[in-house]
Amino acid sequence: MITFWVIAALMAAAASAAILRAAASGGRAPVTQDTSLTLHKRELAEVEALAERGMLAEGEHATLRAEAARRLLAAADQAPPPTAPPRPGDRRLALGIAAAAPLLALGAYFLVGAPGYSDQPFLARAAAWRAADPRTLGPAQMAAVLEIIARERPGDPEPLRALGLAQIAAGEAVEAQTALRRAITLAPGRADLWATLGEAFATESDGVVGADAQAAFREALKRDPGNLPARYYLGRAALAAGDKPAAFALWRAILAELPAGDPRAVALAGDIAAAEGRAAPSGPTAAQVAAAQGAVGPEQIRAMVEGLAQRLAANPDDPEGWVRLVRAYGVTGDAAKRDAALKTARARYATQPEILRALDAAVEGSR
């Protein structure tokens with residue numbers, strides 16, 4: 001690595017020297033003068049020579065000399081000033097700066113860089129992440145590991161599904177769509193793959209359930225009419241279209257199916273309350289949350305919440321997302337993160353009272 005930087009510095013210095021040599025040689029060239037000035041000076045000299053030889057009468061000589069002098073003065077006024085060659089001191093200063101720049105860059109690298117540290121190719125880092133505890137990895141690192149596993153198991157849709165989920169959590173919605181389409185090609189009858197593809201479309205659109213997402217969710221319901229994510233997101237699409245009865249019908253049917261204390265039920269009840277313009281119902285007890293987390297899996301819940309937080313950090317213009325994040329942090333007991341998210345959302349939507357009321361309801365509903 002250090003050899004590369006030394007060579008790069010020497011090449012930069014050589015290039016700077018070549019440029020300066022060319023500039024210096026150009027500066028030493030004779031200073032050119034406007035050709036029109038030379039022409040008019042010659043004309044004035046010829047008038048004087050003719051007069052000296054007695055070829056011009058006195059009055060004619062005066063007239064011609066005055067006219068030639070007038071043209072010479074006019075040309076002198078319009079001519080650009082001659083460019084003086086660069087002074088030797090200026091060239092030395094420029095050369096010193098050009099030589100010092102790569103040396104300073106190299107010195108800064110030695111001071112704050114890591115010249116003795118070997119390069120870390122991506123595959124080596126991904127191998128280290130694969131050997132680590134998955135709970136210590138971020139969504140982007142987990143996605144890198146799952147991408148390798150998916151290449152090792154080309155006929156298995158499951159690594160591709162997990163890869164899509166990790167990429168959604170990492171904010172890489174377009175890449176997630178590619179992975180999930182590959183998974184659907186391998187297993188077109190799996191409703192969960194279609195539903196996750198719909199979530200990827202919605203994530204790419206900052207939470208908006210557009211036409212592509214709705215089509216994917218409907219494909220999921222064709223294969224599994226009870227698919228919860230598809231029904232939930234189609235409810236959001238209906239609510240956005242102004243069809244509250246259809247949205248509430250879908251969401252209340254989901255609420256009736258979820259077990260008591262399930263964090264998804266708490267979040268959904270809050271969504272319904274916010275859509276109806278009322279305060280969210282009180283949240284579950286700590287015991288209920290613990291039981292629900294044991295059934296769903298704490299790692300999965302944390303990954304979902306942190307994925308939402310990362311998506312909002314990248315695309316913060318999503319009031320519904322902020323409301324869900326505040327409520328989710330309250331349900332999982334992360335009071336500090338809940339308060340931080342609430343502060344950020346309040347500052348962003350300070351002039352929108354409806355969103356502020358929904359945030360207050362989310363806080364009350366998660367306590």
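The values are calculated or read from the model by the stated rules, or taken from the named source; none is laboratory data. Being a predicted model, the structure only gives us computed values, none of them experimental. Using ideal geometry, Cβ is built from the backbone for each residue, glycine included, and neighbour counts are taken over all protein chains shown.
Checking the structure you have, find out if any residue of region 132-143 is of a type outside the set (Gly, Ala, Ser) and surrounded by 21 or more Cβ atoms within 10 Å (Cβ to Cβ).
Yes, there is a match, as at least one residue in region 132-143 is of a type outside the set (Gly, Ala, Ser) and surrounded by 21 or more Cβ atoms within 10 Å (Cβ to Cβ).
Which ones in region 227-246 are assigned to a helix (DSSP H, G or I) and either farther than 23 Å from residue 308 by Cα or free of Cβ contacts under 8 Å to residues at least 12 places away in the same chain (or both)?
244, 245, 246
Just give me the residues in region 339-355 being modelled with pLDDT of 85 or more and either of a type outside the set (A, V, I, L, M) or under 21 Å from residue 273 (Cβ atoms) (or both), in sequence order.
339, 341, 342, 343, 344, 345, 346
Could you please let me know if residue 224 is touching a residue at least 24 places away in the same chain (Cβ under 8 Å) and not assigned by TED's automatic domain parsing to the domain that holds residue 168?
no
With the structure loaded, tell me whether residue 182 is part of a helix (DSSP H, G or I), more than 19 Å from residue 246 (Cβ to Cβ) and not polar (S, T, N, Q) or whether it fails that test.
The answer is yes for residue 182.
Find all pairs meeting these conditions: Cβ atoms under 6 angstrom apart; at least six residues apart or on different chains; first residue within region 343-355 and more than 15 Å from residue 321 (Cβ to Cβ) and in the same structural domain as residue 324 (by TED's automatic domain parsing); second residue in a loop (DSSP other than H, G, I, E, B) and of a type in the set (Gly, Ala, Ser).
From region 343-355, no pairs qualify.
Quick check: is even one residue across region 187-205 buried (at least 20 other Cβ atoms within 10 Å of the Cβ), more than 23 Å from residue 138 (Cα to Cα) and of a type in the set (Val, Ile, Thr)?
no
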